[in-house]
Amino acid sequence: MKKLMLGNQAVARGLWEAGCRFVSSYPGTPSTEITEQAALYDEIYAEWAPNEKVAAESAVGASLAGARSFCAMKHVGFNVAADPLFTASYIGVNGGMVVCVADDPGMHSSQNEQDSRHYAIAAKLPMLEPSDSGECAAFVGEAYELSERFDTPVMLRTCTRVAHSQSLVKLHERDEKALKPYEKTPQKYVAAPAISVKRHVVVEQRMEELRQLAETTPLNRVEMGDTAVGFVTSGTCYLYVKEAFPDASVLKLGLVNPMPVQKIRDFAAKVDRLIVVEELDGVIEAHLRANGIRVDGGKDLFGPLGELSQNKLRAAMGAALPKFRTYDEAVPGRPPVMCPGCPHRGLFTVLSKLKLTVLGDIGCYTLGSGAPLNAVDAVLCMGASIGMAHGFTKMLGEDAARKSVAVIGDSTFMHSGITGVVNLAYNKSIATVLVLDNSITGMTGHQQNPTTGLTLQNEETYPIRIEDVCRAAGIERVRVVDPQDMAATEAAIREELAADAPSVIIVRRPCALLKYVKHNPPLSIDPDKCKGCRSCMKIGCPAIRFTDKKASIDPTICVGCGLCEQMCKFDAFEGGARA
Amino acid sequence: MKTTSIMIVGVGGQGTLLASKLLGNVLLGAGYDVKLSEVHGMSQRGGSVVTYVKYGDKVYSPIVDQGEADYILSFEILESARWISYLKEGGHLITNTQKTWPMPVITGAAAYPENIVEKLSALADVTAVDALALAEQAGSAKAVNVVLIGVLSRRMDIPEAAWLKAIEETVPAKFLELNKKAFELGRNAG
Ligand SMILES: Cc1ncc(C[n+]2csc(CCOP(=O)(O)OP(=O)(O)O)c2C)c(N)n1
């Protein structure tokens, strides 16, 4: 039977079919749905870990216990999980272990565009790269076979277009795998110098064996056609090549680390021009050049930036492009914005008013950087806001500390904010941290996290209290405010900025999109009372418009939160909670 | 059969994903190879959203490029202007006339262009409908997506029964009648 499935859904199906029993991940676009979908299978234990490092370590533990285990993460999540995974390569597996890493060329929802293939090479882990949903499911099974046969975790690399495209998947039954007995084997599992010295030898031997396998595995396949041009490619790029040049010869790599050098050499000998098509870095190209294989085109044609597409290929290869017409007037952009009723809006309106230096973090609240709030000064990676605020205020001193804050979400705080807070207390910082607790991991589409009191399956669990964590870490000034009350929020921030000690303000109100959050009827504006002062426009709400020198409200999207009303000095608002 | 390409464009939160799901089910039921591509995450927060739907004997690339779309189904008129270059020569644009102001227009940094339908009509074959009014007539502003699918269905070579079956499979039972009505209103409009 065949079914239309999202790439991520197909990975989950592949996990189930391959007898996987354990999944631990931290959400991250475009990898998130794998774990949500895996949780729907009774035979798979699935959970949200607080971050990717814990997820990967848990998957290693489950593998030692003899289960086929798995974790998924976005590309930058691998940075967090890299420490355990680089050494997991040395200790190997008991039950098979697969790590999916989802790249985001074009940065549809990411802070950078790093290429995960470098990690596979650096950590000496085999890496498979599917092109579509069918391959997503099938390659998971292949990955587990390789993992157990070669005693190594195996990486599965996807990208946005694979993870978030739907295509047909052939369904199979589950191949139930009993737990492999665990045997105490310190000479393999204890990564201490004397042992790792020997394990490194094993790792190198394993890579050599995998290189031989790469030459013959059907994961790497040659499709001979017209020999004027031969393309070496993988993943979605294979699909772009087939779309733009259906008659050309193609060598499709399914195993992208290690690569089949001889197979590519033979292919190169059969075609007039050898072109390497890969998104982001020239990883395949560099490898071919290092092995003395003639490359007639690669990054010189396609560049290292963003996604490729069939038209980009056509243009780079000098082929004709389809004709099209453009709209010849400027079309205003449509950047993402905080939703109507978003609890982050009240806080950022206050931060913007106070003109503070805001060391930001990653989540929906990153949108506080956009117009008209323009409230964020810097964003780096998850958890970085607190460290950045520490270094910033240490160097610029007390005056700067009184004018700057770190801003971090609840999920991000649990992910990697806690050690930053420990550092504030330990190193006598006077920085002020605002934890934006909207009771959910918002940006990635509403996942539970350790503060919400619910598991991935929505079962009740211990709700970790951010205030307790901060106090235990040595922060004495901890308080809670509701960002809906902008005056109280402003007063709290002013007080904590003035204090000679590190402080944490928990800015608490649930995400407006949560099902249990009740909304008020829409507000309206009395045009006679509106003086056109634009104060209400400062909050950047998509429900407010300004025409003919008056503000008005779009009742189809207003949720009656009333923040705009708090901005008005002329009592022009009606409806909302009153209605 | 050659691959046919459809682009669904709109504003995050407008229900474009349900439209692509419905379309996918119809095409799958008709026995085609189908690919759908959508972008989740950041783009959903009221930003511009695009979904690609492609079908034929064998579909390779999941994305639609400039000059490749046989149909663009647009949920918002400014988005029609933004994506019109993706329409193939001889392709059809089906657009909702509804306007949703983007933040640069709200803040006054940019103006919302005027007479977009007229200008687009000079560039391509355009069907413009007030899908919001029809959706409200059917019983809910949320049914804009099914109204637009109804408009598209008239132009595609797939029997009406197949569309209705896909609607039954895709929407929750308690909204079925409403959505069937929305579909018919769309199918008979434009
Ligand atoms: C290392 C890493 N893992 C995952 C992500 C994906 N990601 C971006 S924001 C975010 C969580 C945001 O949740 P929270 O901090 O609660 O803020 P909210 O979006 O709810 O405002 C995640 C998981 C990332 N950018 N980096």
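Estimated from the Cβ-Cβ distance and a Förster radius of 45 angstrom, the FRET efficiency linking A:L301 and A:E460 is about 0.20. Note on the protein assembly as shown: dipole from Cβ charges, positive end direction compared against A:T349, A:V76, A:G106; the farthest Cα belongs to A:T349. A Förster distance of 60 Å, applied to the separation of the beta-carbon atoms of B:R154 and A:S369, puts the FRET efficiency at 0.85. For segment A:83-135, chymotrypsin sites (Phe, Trp or Tyr not before Pro) are listed when DSSP marks them as loop and at most 11 other Cβ atoms sit within 10 Å of their Cβ; the list is empty. For A:G575, the residues 5 or more places off, or on other chains, whose built amide H falls under 5 Å of its own are A:S524. Close amide H contacts of A:E307 (hydrogens built in the peptide plane, cut-off under 5 Å, sequence separation of 5 or more or a different chain): A:G106. 3J(HN,Hα) couplings calculated from phi for segment A:113-127 with the Karplus curve 6.51 cos²θ - 1.76 cosθ + 1.60 (θ = phi - 60°) are, in sequence order, 10, 5, 9, 5, 4, 4, 5, 4, 5, 5, 8, 6, 10, x, 9 Hz; Gly and Pro show x.
The phi-based Karplus calculation (6.51 cos²θ - 1.76 cosθ + 1.60; θ = phi - 60°) puts the 3J(HN,Hα) values of segment B:72-89 at 10, 10, 10, 8, 7, 5, 5, 5, 4, 5, 4, 9, 4, 5, 7, 6, 5, 5 Hz, whole numbers, x for Gly and Pro.
Listed values for segment B:104-118 are Karplus-derived 3J(HN,Hα) couplings in whole Hz (6.51 cos²θ - 1.76 cosθ + 1.60, θ = phi - 60°), namely x, 6, 4, 7, x, 6, 9, 9, 6, x, 9, 6, 5, 4, 4, and x replaces Gly and Pro.
For chain A, the longest principal axis of the alpha carbon atoms and the long axis of helix A:133-150 meet at an angle near 60°.
Separation of segment A:433-484 from segment A:1-60 is 24 Å, based on Cα centroids.
Can you pick out the pairs among A:K74/B:K99; A:K515/B:K35; A:K170/B:K2; A:K2/B:K2; A:K353/A:K550; A:K74/A:K263 whose Cα atoms lie more than 29 Å from each other? Violating the 29 Å limit, Cα to Cα: A:K74/B:K99; A:K515/B:K35; A:K74/A:K263. The amide H of A:T357, built 1.01 Å from its N in the peptide plane, has A:S404, A:V405 as neighbours under 5 Å, considering only residues 5 or more places off or on other chains. Could you tell me the distance between the Cα centroids of segment A:201-266 and segment B:4-42, to the nearest Å? Each part's Cα centre sits 31 Å from the other's. Report, in degrees rounded to the nearest 10, the 0 to 90 angle that the Cα long axis of helix A:235-244 makes with the longest principal axis of chain A. Computed tilt is about 80 degrees.
Show me the chymotrypsin sites (Phe, Trp or Tyr not before Pro) within segment A:207-312 that DSSP assigns to loop and that have at most 13 other Cβ atoms within 10 Å of their Cβ. If you can, show how the numbers build up before the last one.
On the way: sites: A:F231, A:Y238, A:Y240, A:F267, A:F302; in loops: none.
Filter output for segment A:207-312: empty list.
When A:D554, A:D266 are compared by accessible surface with a 1.4 Å probe, the order from highest to lowest is A:D266, A:D554. Relative contact order of chain A, please, whole-number percent, based on alpha carbon pairs below 8 angstrom and at least 6 residues apart. That works out to 11 percent. Helix A:7-17 and the long axis of chain A differ in direction by around 60°, with both axes built from C-alpha atoms. Computed over protein heavy atoms with a 1.4 angstrom probe, the accessible surface ordering of A:M97, A:M1, largest first, is A:M1, A:M97.
The values are calculated or read from the model by the stated rules, or taken from the named source; none is laboratory data. Bear in mind that the values here come from a model prediction, so they are computed numbers and not experimental data. Every residue, glycine as well, gets a Cβ built from its backbone with ideal geometry; the counts of neighbours run over all protein chains shown. Surface accessibility is based on the protein's heavy atoms, side chains included, excluding ligands, DNA and RNA. Shrake-Rupley method; radii C 1.70, N 1.55, O 1.52, S 1.80 Å.
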